[in-house]
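Novice: The structure that follows is given in the form of structure tokens.
Read the figures in this text as sums done on the coordinates, not as results from a lab. Note that the coordinates shown come from a computational prediction; the quantities given were computed from them, not determined experimentally. Glycine gets a Cβ as well: all are built from the backbone with ideal geometry, and neighbour counts include every protein chain shown.
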Ligand SMILES: [Fe+2]
């Protein structure tokens, strides 16, 4: 799969092609889980160059990954467990929750370079996914966002740890009474 992803990463329609590759691989999530059985914990880089980063990601059920952006196209394919992605807009009214989407084994989701999301597991177990980024994710400057003000904050390990929250934080939806 890494070879296939490398072959399409520089194409003009790379996002479409990456989605096709992940969707095909995840028609059998159990087989992907078996192939990935050597991986555990929160993240590991499977491949990285200037135009492509492929990562193993495990989300801890105790944590809510703080809001952040990626500044490049992202494709997420879940192979075990469930993850809930919360999407936001950062503006004058702070960090506005716009939508949430739950992904389970076999689901593939894409985000554009400007998307801001936070992630928590859907259940009490870790969730496991392959993440494909069309760029050098670990070598670019990108942002975390303050939960309340929506202020962009440099994406550093220290800021990440400070903003991380326990899972099951109530996320205010636009429909909720203020
Ligand atoms: Fe992310």
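Novice: State all residues of the range 51-69 that are in contact with a helix residue (DSSP H, G or I) (Cβ under 8 Å, 6 or more places away or on another chain) and part of a loop (DSSP other than H, G, I, E, B); if no residue qualifies, say none.
Specialist: Result: no residue meets the conditions.
Novice: Then there is this: Quick check on my filter: what residues within the range 149-169 are more than 30 Å from residue 105 (Cβ to Cβ) and touching a strand residue (DSSP E or B) at 6+ places or on another chain (Cβ under 6 Å)?
Specialist: Across the range 149-169, the qualifying residues are 149, 150, 152, 153, 159.
Novice: I need a count of the residues in the range 30-55 that are under 28 Å from residue 97 (Cβ atoms) and in contact (Cβ under 8 Å) with a residue 24 or more places away in the chain. So that I can check it myself, show each step before the final result.
Specialist: Within the range 30-55, the first condition is being under 28 Å from residue 97 (Cβ atoms), and the residues that meet it are 42-43, 53, 55.
Subsequent filtering for residues that are in contact (Cβ under 8 Å) with a residue 24 or more places away in the chain retains 53, 55.
So the count comes out to 2.
Novice: Related question: Can you find a residue in the range 89-102 that is part of a loop (DSSP other than H, G, I, E, B), more than 15 Å from the ligand (Cβ to nearest atom) and surrounded by fewer than 18 Cβ atoms within 10 Å (Cβ to Cβ)?
Specialist: yes
Novice: Just give me the residues in the range 117-137 being in contact with a strand residue (DSSP E or B) (Cβ under 9 Å, 6 or more places away or on another chain), over 19 Å from residue 53 (Cβ atoms) and surrounded by fewer than 21 Cβ atoms within 10 Å (Cβ to Cβ), in sequence order.
Specialist: Just the residues of the range 117-137 that are in contact with a strand residue (DSSP E or B) (Cβ under 9 Å, 6 or more places away or on another chain), to begin with: 117-122, 125-137.
From the residues that got through so far, the ones that are over 19 Å from residue 53 (Cβ atoms) too are 118, 120-122, 125-127.
Across the range 117-137, the qualifying residues are 122, 125, 126.
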